[in-house]
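One structure below.
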Amino acid sequence: MIKILLLFALGYFAWRAIKKISGDGGRIGASRKNDSPPAMDADMVQDPQCGVYVTREGSVRAEIDGRKLFFCSRECKEKYLAGRGAGK
Ligand SMILES: [Zn+2]
């Protein structure tokens with residue numbers, strides 16, 4: 001009898017865990033790493049080279065003509081600078 005109750009409880013907790021993962025719990029973890037559309041505009045900046053959104057903390061920063069620019073990677077920053085140099 002106790003075994004059945006235990007199984008029932010385990011099943012209930014498993015169901016709750018699955019529901020949590022498939023619900024909002026899993027989405028928060030996934031959307032932070034991916035370049036999903038910015039939910040928090042204050043923290044997200046757009047890479048002018050490739051258009052990807054990055055967080056200010058995770059971005060590569062550059063100051064060009066007094067303007068602060070944020071890049072997703074060093075390659076993008078170098079490409080952007082190279083493109084500017086070649087254009088003018
Ligand atoms: Zn980039």
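The values are calculated or read from the model by the stated rules, or taken from the named source; none is laboratory data. As the structure is a computational prediction, the values presented were derived from the model and not from experiment. Every residue, glycine among them, receives a Cβ derived from its backbone with ideal geometry; neighbour counts consider all protein chains shown. For the accessible areas, the whole protein counts, side chains as well, though only heavy atoms, and no ligand, DNA or RNA atoms are used. Shrake-Rupley method; radii C 1.70, N 1.55, O 1.52, S 1.80 Å.
Close contacts from segment 61-75, counting a first residue that is open to solvent by 60 Å² or more (accessible area, probe 1.4 Å) and a second that is away from the ligand (no atom under 11 Å from the Cβ), with Cβ to Cβ under 6 Å and a gap of 6+ residues or different chains, come to none at all.
Being open to solvent by less than 100 Å² (accessible area, probe 1.4 Å) and modelled with pLDDT under 95 is a property that holds for Val45. As a summary of the residue check, Arg84 satisfies the conditions (1) within 13 Å of the ligand (Cβ to nearest atom); (2) part of a helix (DSSP H, G or I) except for the one numbered (1).
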